[in-house]
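*Asks:* Right, I'll just put the structure down here and ask away after.
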Amino acid sequence: MPVIQWTEDMSVGVARLDEHHRRLIDLTNQLGAAVAAGDTERVTGSVLGELIRYVYYHFGEEERLMEEANYADLPGHRQHHRTMAEHVRGLEQRFDRDPGAVVTADLHEFLADWLVNHIRSEDLLYKPALAGLAAVPA
Ligand SMILES: [Fe+2]
């Protein structure tokens, strides 16, 4: 199971959001490890649940800061978040019905790819706009 890593070139210039991204990567790696170890549905389910809750929390915080910075592409970015949030909501519902069918290596790969691509191709775009914000407490 490939482990993903946060690297300095993924920094969006706001310590709190970088911290969120590191936490999301960490939870995604934990999910990958749980799947690889063949952990019980209870363990994988609790990691997945924590990851999902953190995704919602993070999107909210990120959107709030983009709004504060008057980021011009907030509507487009919000749409990316919404699409992902809907996907994640679907996962939650499927997990409730049939955990074994949801928590798979494919799911981990999808989340890892989405996260790294989203940070690198969408989040980095708001970096210049958010640089104008007064220091955000970490
Ligand atoms: Fe984002």
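The values are calculated or read from the model by the stated rules, or taken from the named source; none is laboratory data. Since this is a predicted model, take the numbers as computed values, not measurements. Neighbour counts are summed over all protein chains in view; Cβ atoms, including those assigned to glycine, are modelled from backbone coordinates with ideal geometry. Side chains included, ligands, DNA and RNA excluded: accessible areas come from the protein's heavy atoms. Shrake-Rupley method; radii C 1.70, N 1.55, O 1.52, S 1.80 Å.
*Asks:* Suppose each label sits 7 Å from its Cα in the direction of the beta carbon; what would the residue 135-residue 22 distance come out to in nanometres?
*Replies:* Rounded to a tenth, the inter-label distance reads 1.7 nm.
*Asks:* Any chance you could check the Cα centroid distance between segment 8-33 and segment 71-97 for me, in angstrom?
*Replies:* 18
*Asks:* Over the chain, what relative contact order in percent results from Cα pairs under 8 Å that are six or more residues apart? All intermediate terms of the calculation are to be shown ahead of the outcome.
*Replies:* Details: 104 pairs, mean separation 58.0, N = 138.
Taking the mean separation of contacting Cα pairs over the length of the chain, I get 42 percent.
*Asks:* Would you kindly calculate the mean projected area, averaged across all directions, of the convex hull enclosing the Cα atoms of segment 83-138, in square nanometres?
*Replies:* Working: hull surface 21.8 nm².
So the Cα hull casts an average projection of 5.4 nm².
*Asks:* Another question, if that's okay. Tell me, what is a quarter of the convex hull surface for the C-alpha atoms of the chain, in nm² with one decimal?
*Replies:* On the way: hull surface 31.5 nm².
Over every viewing direction, the Cα hull of the chain projects on average to 7.9 nm².
*Asks:* Quick one: net charge around residue 101, please, counting Lys, Arg +1 and Asp, Glu -1 for every other residue with C-beta under 12 Å from its C-beta. Could you put the intermediate results ahead of the total?
*Replies:* Details: positive: 94, 97; negative: 41, 96, 98, 106.
In short, -2.
*Asks:* Any idea what angle helix 74-97 forms with the longest principal axis of the chain, computed on alpha-carbon atoms, 0 to 90 degrees, nearest 10?
*Replies:* 10
*Asks:* Where does helix 105-117 land angle-wise versus the long Cα axis of the chain, in degrees 0 to 90, nearest 10?
*Replies:* Rounded to the nearest ten degrees, it is 10.
*Asks:* Using heavy-atom solvent-accessible surface (probe 1.4 Å) with all chains present, what is the largest-first order of 57, 71, 126? Write down the numbers at each step before the final one.
*Replies:* On the way: 57 105, 71 30, 126 0 Å².
Descending order: 57, 71, 126.
*Asks:* Next question. To the nearest 10 Å², what's residue 121's accessible area with a 1.4 Å probe?
*Replies:* 60
*Asks:* For the chain, report the accessible area per residue in Å² (1.4 Å probe, heavy atoms, rounded to an integer). Could the numbers behind the result be given before it?
*Replies:* Values: 7380 Å² over 138 residues.
Heavy-atom accessible area per residue stands at 53 Å².
*Asks:* Another question, then. Rounded if a/c is under 1.5, else prolate if a/b beats b/c, else oblate: with a ≥ b ≥ c from the C-alpha gyration tensor eigenvalues square-rooted, which is segment 1-50? Don't skip to the end; give the middle numbers.
*Replies:* Details: a/c = 6.22, a/b = 2.08, b/c = 2.99.
Oblate.
*Asks:* Ok, one more. Roughly what angle does helix 41-68 make with the longest principal axis of the chain, taking Cα atoms, 0 to 90 degrees, to the nearest 10?
*Replies:* In the chain, helix 41-68 runs at an angle near 10 degrees to the longest axis.
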